[in-house]
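Values in this text are rule-based calculations from the coordinates and carry no lab data. Given the structure is predicted, the values throughout are model-derived calculations rather than measurements. FYI the Cβ positions are ideal-geometry reconstructions off the backbone, even for glycines, and counts take in every protein chain you see.
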């Protein structure tokens, strides 16, 4: 064991230490600055000071009155959470059909799942806007400005990737599993919910988390399809950042605190589900 | 069971795609948008205007240039990280987790952070001993490259590390028998085996950068400085600031052509029925 490890070594120890030190500095430097700036006075950040002039933890208290970040976070959690749950579930259904049933156009659908991920969002933005507006007029309801508008949009952007992830999971499950259950007289629906779903929960987690991130991270659609009441945290932060230019002293300390607050849920999700997410990322996603 | 996913995809992707192609042939501005179906049909005039009288060609140049630059620059960094975290050592798990953090941070957070770092009196000028503007003027291009590189290289690392893990143990034994030093082994035995995963990472990273809207939008704001006026931001501004809807969609259709070639390469590289990338063995 020891010997084979010795043989498999790629880098001499000191060189490895140098490479890793440089990489960690590059990665952690900006992250550390982000934290330091978030507890600095606005003036210190504006002057480019490295060390905080005191520990201004009150930045984290003040952001809730300076911005509407609180409401934004609630909107983001509701929207991204719903996208995660629905798209994991729908992806499971679609992927099951794609993996277990042979039908014409199956390969075309699989190819489409991958191709759809690289369609630029800017191409669909205006048509989605126009269609929502027309549908609203025709049906006599409001769509644009509600949470539903972004929810529906994110759902469809999340589905191709979620379905692809589920496809890669489901085809690792032996077909004998469903056959055995079906011989026992179980309906396809029962096979799916009682046999397949419990076995593929890592895939469901990956699909769900990626769908959540898509909703949490989007600025493009949310900036056009939401109004001040349904704005997501991403748009609140973007507006907060953009409004710091010109005028009086920019509140940079608070801006960094707000950015960290928006980042924490994402990094926490990543750390908790790291093992599954890394496996999911290597299955080939564009986003 | 296939129905819900299929119908949703059809409604919010395929239908808008068709509408996009149609709108790009209309004379659509803020006056005609309410009755968009009845707007004047002007065939390819929007495309002609986009090429002749707009920043489209310039934006395509910026987009392609910076995307290629960033994707290529990610390769050495990602490879170095993959190779350096392959051997066992104490704390390896922690290091691997940390290296991926820039990649999982939301683009709007990365943009907001670097916007402060690069502000004229900010920490970047202080640390580098420079002064002047990073978010405007010619240097803004390099600011965009730098930030996109900081946030994007872990993808190459991720795919290269996965490739390294699937390397056959006999490769190492053969190299050891031949008495190869670490550099010779790396250069002639290990790295050539990573060609597949690294090319895949290059394509994915290029597609990601060409389509990237949030980072340039948040980092520089709109109207965008001309040196970083990338295609997605130009398209957005044309629609939601200048209200030239037909022109904007025509530009977006052109951007579809830009991603078509790398996308075709990508689709060939991923084997659909086993889900294994050809290169990663």
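On a 0 to 90° scale, report how tilted helix B:195-211 is relative to the longest principal axis of chain B, with both axes built from alpha carbons and the result rounded to the nearest 10. In chain B, helix B:195-211 runs at an angle near 30 degrees to the longest axis. The stretch between residue A:9 and residue A:172, if pulled fully straight at 0.36 nm per residue, gains 55.5 nm over its current Cα-Cα span.
Based on DSSP H segments of at least four residues, each scored -39500 (n - 2.57), chain B has a per-residue ellipticity at 222 nm of -19500 deg cm²/dmol. Overall form of segment B:55-280: oblate. Here a/c, set by the Cα gyration tensor axes a ≥ b ≥ c, is 1.5 or more, and a/b is not larger than b/c. Note on segment A:14-88: Cα convex hull, mean projected area over all directions, 8.6 nm². Taking the centroid of alpha carbons for each part, segment A:12-70 and segment A:224-270 are 16 Å apart.
As a calculated quantity, the FRET efficiency between residue B:180 and residue A:35 at R0 = 51 Å, using C-beta atoms, amounts to about 0.70. For chain A, take the longest principal axis of its alpha carbons; what is the angle in degrees between that and the long axis of helix A:69-100, to the nearest 10 within 0 to 90? Rounded to the nearest ten degrees, it is 20. Between residue B:257 and residue A:61, the modelled labels are 5.9 nm apart [label points 7 Å from Cα along Cα→Cβ].
Between segment B:168-201 and segment B:116-154, how many Å separate their Cα centres? Here the answer is 37 Å between Cα centres. Here residue B:64 and residue A:22 are evaluated by their C-beta separation; at R0 = 30 Å the FRET efficiency comes out at 0.55. Per-residue shielding of B:20-28, expressed as the average number of other chain Cβ atoms within 10 Å of the residue Cβ, stands at 2. Taking every alpha-carbon pair within segment A:1-132, the share separated by more than 19 Å comes to 78 percent. By the beta-carbon count within 10 Å of each Cβ, the least crowded to most crowded order of A:65, A:223, fewest first, is A:65, A:223. Relative to the dominant Cα principal axis of chain A, helix A:201-217 is inclined by about 40°. Listed by Cβ neighbour count within 10 Å, with the fewest neighbours leading, B:47, B:22, A:96 appear as B:22, B:47, A:96.
With both labels modelled 7 Å from their Cα along Cα-to-Cβ, the residue A:183 to residue B:188 distance reads 5.6 nm. Note on the protein assembly as shown: the alpha carbon radius of gyration divided by the globular reference 2.2 N^0.38 Å gives 1.00. Distance between the pseudo-spin-label points of residue A:51 and residue B:195 (7 Å out from Cα toward the beta carbon): 5.3 nm.
Comparing mean-square fluctuations of A:269, A:277, A:25 from a GNM of chain A with C-alpha springs under 10 Å, the top value falls on A:25. When each of A:109, A:264, B:147, A:183 is scored by the number of other beta-carbon atoms lying within 10 Å, the sequence from fewest to most is A:183, A:264, A:109, B:147. If the chain linking residue A:229 and residue A:74 were pulled fully straight, counting 0.36 nm for each residue of separation and taking away their Cα-Cα distance, it would gain 54.7 nm.
Kirkwood hydrodynamic radius of segment A:66-281 from all distinct Cα pairs, in Å? Computed over Cα pairs of segment A:66-281, the Kirkwood hydrodynamic radius comes out at 19.2 Å.
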